[in-house]
Amino acid sequence: GVEELNGGFFYNFGKNVTSVTLPNSVKNIGNSAFSNWTNLSEVTFGDSLMTIGEGVFQGCTALESIIIPNSVISFARDVFSNCSNLASVTLSNSLKTIGGGSFRECTRLDSIIIPNSVTTIEDRVFEGCTKLSYITLGDSLKTIGGGSFSECTRLDSIIIPNSVTTIEDRVFEG
């Protein structure tokens, strides 16, 4: 079966698509594969998915919830950025790195749990998540990238685990 969806493969195809189910054979989703599919409201991943490329679901404004399967170990930059209706996210328990800007401007996201497997939150991951009020950081986290929580105006407390060795600049700006 298909193991990789190359970036841009579906460019301008999905304007009216509301649901996508990926087969178990897909291991990688290339950059921008489903970006700006503004009517996409449901995504079901197969159990073999390991990586999600840059901006794959960027601008999918109808997407309200997402469950990343435990097979996923990383995702690149801006995967869900500007998904303005994304309110519920369940992350993979195998995830190591959350790419920069991955949830930037997800203005309905109010809480998230970062699994213990995550070691790096890159820059600007939750920037502009204006409803984010609750976050749990996993015990393996080592690096919090610059501006990761900037403009998260409802976030009033956060517990930084002892495992963190690097906090970059302007993490809580704005």
The chain, accessible surface, carbon-and-sulfur percent (1.4 angstrom probe): 45 percent
All-pairs alpha carbon distance profile, the chain, 10 Å steps from 0, percent: 11, 41, 34, 12, 1
Qualifying aspartates and glutamates (Cα of each under 13 Å from Cα of Lys142; at least 8 residues distant if same chain): Glu122, Glu168
Length added when fully stretched, Lys96-Asn39, from 0.36 nm per residue minus Cα-Cα: 17.5 nm
Cα→Cβ-extended label distance, 7 Å offset, between Ser140 and Lys27, nm: 2.0 nm
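The values are calculated or read from the model by the stated rules, or taken from the named source; none is laboratory data. What you see is a predicted model; the values in this text were computed from it and never measured. We place every Cβ from the backbone using ideal geometry, glycine too, and count neighbours over all the protein chains shown. Side chains included, ligands, DNA and RNA excluded: accessible areas come from the protein's heavy atoms. Shrake-Rupley method; radii C 1.70, N 1.55, O 1.52, S 1.80 Å.
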